[in-house]
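The values are calculated or read from the model by the stated rules, or taken from the named source; none is laboratory data. Everything numeric in this text was worked out from a predicted model, so none of it was measured. Here the Cβ positions follow ideal geometry from the backbone for every residue, glycine too, while neighbour counts run over all protein chains shown.
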Amino acid sequence: MIQSLRGMKDLLADESERYIYFVENCSKIAKNYGFSYVETPILEETALFKRSVGESSDIVGKEMYQFTDKGGNDVCMRPEGTAGVVRAFIQKKYDKAKVQKKFFYYGPMFRYERPQKGRLREFHQFGVESFNQPNIKEDAAIILMLKEILEFFGIGYKLELNSLGCTACMPPYKENLVNFLKNEDEICDDCKRRRDTNPIRVLDCKNQNCQDIYANAPLLLDNLCPTCRDEFEQLKNILDDFDVNYTVNPKLVRGLDYYNKTAFEFVSDDIGAQSAIAGGGRYDKLVEYLDGKPTTGIGFAMGIERLMELIVMPEPKRKGYYVGALCDEALDISFKLATKMRKNKITTINYDKKSLKAHLKNADKQNAKYCVCIGEDELQKDLLWIKDLETKEEKSITQEELLGR
Ligand code: HAM
């Protein structure tokens, strides 16, 4: 039997209900903050991710679903959403027009990771990206929106915050860090590799021995330029004013190379080892890296599968009509009736033939509000039998009465 691929899951029944509930409500909140929906292709040129997420990142280095298509193009299934949205922004020439744009998106992302609880190879993200708004207040607005989303779904979280500096303070800090790392031979092989490719990534190494060594490493937060230091202070003040709890984590570096200044991660204690439920930050140089005109950007993405484990769904309400025939002769009529009802915008779940008991059971299972049945008796009297599955009231009505509801 053919099964779905390892690390890839079907979304159906309760799961798909949860997914729709999640993205619909996130979309509502994002629209309330002035964001509009964008959809970019799942397949992109591989170069897009190499030049944005970065060649030294695990995502590009090890995890891409990359192949040559029939036209000989080097393509890749998107491992994340930001790069595609930035490409679309530039392709639409919004960078040249210098306009402010705010987008939200959701859909599947692909990373060839080792699957485990909370870590999939095909997973879904809900993300937002805001362009051309360099003010630090936008960083706060983005974090407040994420907080509002999590609170809407009743999800507890911890927020970790850091600043990754800018082109003025990051390069001298990197040099500082590399000098520190040069003398450390005991660090793991991954960190030795990162020392040459992207040194700041050593700071979030999971190896305890490395972490013991990095306890004495220089930290960027202590070496920020006055502008970055001031902005970081302002951001913390706004978050304090709006009662957002956070911890400053000077070793939070994120796994994607495009970030500068604000970087943040929301984590949950309730979903096991893969605890990051959302992450994001500023990427003021990314539009330029991808050949656009200088344009600032900031955004975040949430991992929908991880969040679906945590959301509290509202009690499902009974909805719609279940229509059923009780004998062969009634089947034509029940089919026509169901079709007319759907045309009249009445949610109609069924039309086929079963026993009354089976129909009532099915209607109940499918959470219908009413069960409508047509048997020999109803055919003779030209009536319909209807039961309200909430109040349990039963009666006979005409087709016209039902269609007029
Ligand atoms: P990211 O931190 O790589 O950021 O991913 C965001 C979220 O996606 C994570 O916090 C996690 O919840 C979820 N996630 C990542 N990998 C997996 C996986 N293998 N299985 C299940 N869930 C996963 C980004 O992707 C950036 N594009 C976020 C961003 C938007 N930054 C600025 N704008």
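Scanning the stretch 12-33 finds no residues that are under 21 Å from GLU113 (Cα atoms), assigned by TED's automatic domain parsing to the domain that holds GLY297, within 16 Å of the ligand (Cβ to nearest atom) and under 16 Å from the mean Cα position of the chain (by Cα). For GLU39, indicate whether it is under 16 Å from VAL128 (Cα atoms) and away from the ligand (no atom under 16 Å from the Cβ). So GLU39 does not fit the description; no. Checked against the criterion of being surrounded by 19 or more Cβ atoms within 10 Å (Cβ to Cβ), within 16 Å of the ligand (Cβ to nearest atom) and touching a residue at least 12 places away in the same chain (Cβ under 8 Å), the candidates ILE374, ILE304 yield just one match: ILE304.
I'm trying to understand the selection: among the residues of the stretch 1-25, which are on the phi < 0 side of the Ramachandran plot, of a type outside the set (A, V, I, L, M) and assigned to a loop (DSSP other than H, G, I, E, B)? Of everything in the stretch 1-25, those that are on the phi < 0 side of the Ramachandran plot, of a type outside the set (A, V, I, L, M) and assigned to a loop (DSSP other than H, G, I, E, B) turn out to be GLN3, SER4, ARG6, LYS9, ASP10. For the stretch 133-157, the set of residues classified as in a helix (DSSP H, G or I) and small (Gly, Ala, Ser) consists of ALA140, ALA141, listed by residue number.
Any residue that is within 11 Å of the ligand (Cβ to nearest atom), over 20 Å from VAL60 (Cα atoms) and either among the hydroxyl-bearing types (Ser, Thr, Tyr) or in the same structural domain as HIS124 (by TED's automatic domain parsing) (or both) - is there at least one of those in the stretch 289-297? Explain how you work it out, then say what you get.
First, the residues of the stretch 289-297 that are within 11 Å of the ligand (Cβ to nearest atom): 297.
From what's left, over 20 Å from VAL60 (Cα atoms): 297.
Next, from what is left, pick out any that are either among the hydroxyl-bearing types (Ser, Thr, Tyr) or in the same structural domain as HIS124 (by TED's automatic domain parsing) (or both): 297.
Among the residues of the stretch 289-297, at least one is within 11 Å of the ligand (Cβ to nearest atom), over 20 Å from VAL60 (Cα atoms) and either among the hydroxyl-bearing types (Ser, Thr, Tyr) or in the same structural domain as HIS124 (by TED's automatic domain parsing) (or both), which makes the answer yes.
If only residues of the stretch 82-102 that are of a type in the set (Lys, Arg) and more than 16 Å from the ligand (Cβ to nearest atom) are counted, the one that is nearest to TYR19 (Cα to Cα) is LYS92.
When you look at LYS206, is it in a loop (DSSP other than H, G, I, E, B), surrounded by fewer than 19 Cβ atoms within 10 Å (Cβ to Cβ) and of a type outside the set (A, V, I, L, M), yes or no? For LYS206, the condition - in a loop (DSSP other than H, G, I, E, B), surrounded by fewer than 19 Cβ atoms within 10 Å (Cβ to Cβ) and of a type outside the set (A, V, I, L, M) - is met. Scanning the stretch 103-141 for residues that are aliphatic (A, V, I, L, M) and either more than 9 Å from the ligand (Cβ to nearest atom) or surrounded by fewer than 17 Cβ atoms within 10 Å (Cβ to Cβ) (or both) turns up ILE136, ALA140, ALA141. Reported count of residues in the stretch 260-273, each being outside any strand (DSSP E or B) and within 15 Å of ASP139 (Cβ to Cβ), is 0. Among the residues of the stretch 307-352, just one is within 16 Å of the ligand (Cβ to nearest atom) and buried (at least 22 other Cβ atoms within 10 Å of the Cβ), namely LEU307.
Which of the following residues is at pLDDT 95 or above and in contact with a Leu (Cβ under 7 Å, 6 or more places away or on another chain): MET77, MET64? It would help to see each step written out before you state the result.
Working: MET64 fails: in contact with a Leu (Cβ under 7 Å, 6 or more places away or on another chain).
Just a single option satisfies the conditions, and that option is MET77.
Check whether at least one residue in the stretch 274-286 is modelled with pLDDT under 95, assigned to a loop (DSSP other than H, G, I, E, B), of a type outside the set (Ser, Thr, Tyr) and surrounded by 17 or more Cβ atoms within 10 Å (Cβ to Cβ), and report yes or no. Taking every residue of the stretch 274-286 in turn, at least one turns out to be modelled with pLDDT under 95, assigned to a loop (DSSP other than H, G, I, E, B), of a type outside the set (Ser, Thr, Tyr) and surrounded by 17 or more Cβ atoms within 10 Å (Cβ to Cβ). Note on the stretch 47-78: residues that are free of Cβ contacts under 8 Å to residues at least 24 places away in the same chain and at positive phi amount to 1. Among the conditions (1) modelled with pLDDT under 95; (2) more than 8 Å from the ligand (Cβ to nearest atom), the only one that LYS261 does not satisfy is (1). For the stretch 276-288, the set of residues classified as more than 9 Å from the ligand (Cβ to nearest atom) and free of Cβ contacts under 8 Å to residues at least 60 places away in the same chain consists of GLU288 only. Testing LEU203 on (1) away from the ligand (no atom under 16 Å from the Cβ); (2) farther than 19 Å from TYR283 by Cα; (3) among the hydrophobic types (A, V, I, L, M, F, W, C), one condition comes back false. Which one is that? Only one criterion is unmet by LEU203, namely (1). Restricting to the stretch 317-327, and then to whatever is part of a loop (DSSP other than H, G, I, E, B) and free of Cβ contacts under 8 Å to residues at least 60 places away in the same chain, can you tell me which residue is nearest to TYR283 (Cα to Cα)? Only one residue tops the list, namely LYS317.
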